[in-house]
Every structure is written in structure tokens, then in C-alpha cells.
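Note sheet for the following structure.
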Amino acid sequence: MAQVRGSASVTAMLLVLCILLHYKIAVAAKYTVGDDAGWHFNIQSWPTGKKFLANDTLVFNYSTGSHSVVVVDENGFTTCTASGQIFTSGKDEIKLKKGMNYFICGVGRHCADHGMKMAISAA
């Protein structure tokens, strides 16, 4: 009888764990970068005061052709080198990964001259 109870306890714990993991994914937040202003010049301070989690989604709204969003590494962020995945739809949705996430505008010198770059830490 003890083995049946132990097995039931393990099954119940696994079920609770699955529910909690599903809940964490289900409650992932969606943020519009720059709020109503969208993805724009001097955006670097927009993440200040916000708490981001892995799997949260960032929505980058901008006029198609005016800007782009490039997912870069720390070096690409620091040097404004567009060497990562490029998004150009004007309504780009990008999920955050755990740790640091770096984004720049790959159009002209928008990153270097106009501060169109953003670093976000996701827990």
C-alpha cells in the first residue's frame, strides 16, 4: 500500500510541476517598445523600471522602411554593428531569452548617431 501512495504522490507532484510550468509560459507579458511612440530615436531608457522575464514578447512598431530591428550580441550593441537577425516588418514581435538581449536599428547611423539601441535583461 505504501508503494501506491508514493507513486500517487510522485504523480501529483509532477502534475503540479507541469501546471506551474505551463502557467509561467501562459502569463508571459507582451510589451510595446516605446509605448505609443514605438521604436524610435533615443529609446535606450525605455526599459528602465520594467521587469522582464524570458519568453516575454517585445513588439517593435515603426514605419516600414524607416527603421529595422536587429538582434545583436553585446559587441554588436556596443559598436552598432548590425550582424544578427534582422526584422523589417514594422510590427516585429521578438521573444526575450533569459539573460541579456540586445537590439539596434540597422538603418543608416540610427544606432550610432541617434541612440536607437536597447539592452534588456530577462530573468
**Cβ pairs under 8 Å, 6+ apart, first in the range 99-123 and over 16 Å from N61 (Cα atoms), second of a type in the set (K, R)** = Y102/K117; C111/K117; A122/K97; A122/K98; A123/K51; A123/K98
**Message:** Exactly one condition in (1) on the phi > 0 side of the Ramachandran plot; (2) crowded, with 17+ Cβ neighbours inside 10 Å; (3) under 16 Å from the mean Cα position of the chain (by Cα) is false for N101; which is it?
**Reply:** (1)
**Request:** Output the residue which, of all residues in the range 47-73 that are without any contact (Cβ under 8 Å) to a residue 40 or more places away in the chain and part of a strand (DSSP E or B), is nearest to K97 (Cα to Cα).
**Result:** T57
**Prompt:** So A122 fits all but one of (1) in contact with a helix residue (DSSP H, G or I) (Cβ under 8 Å, 6 or more places away or on another chain); (2) surrounded by 13 or more Cβ atoms within 10 Å (Cβ to Cβ); what number is the exception?
**Reply:** (1)
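A short reminder: the numbers here are calculations on the coordinates, not readings from a lab. The model shown is predicted, which means the values in this text are computed figures rather than measured ones. Cβ sites come from the backbone with ideal geometry, for glycine too, and all protein chains shown count toward neighbours.
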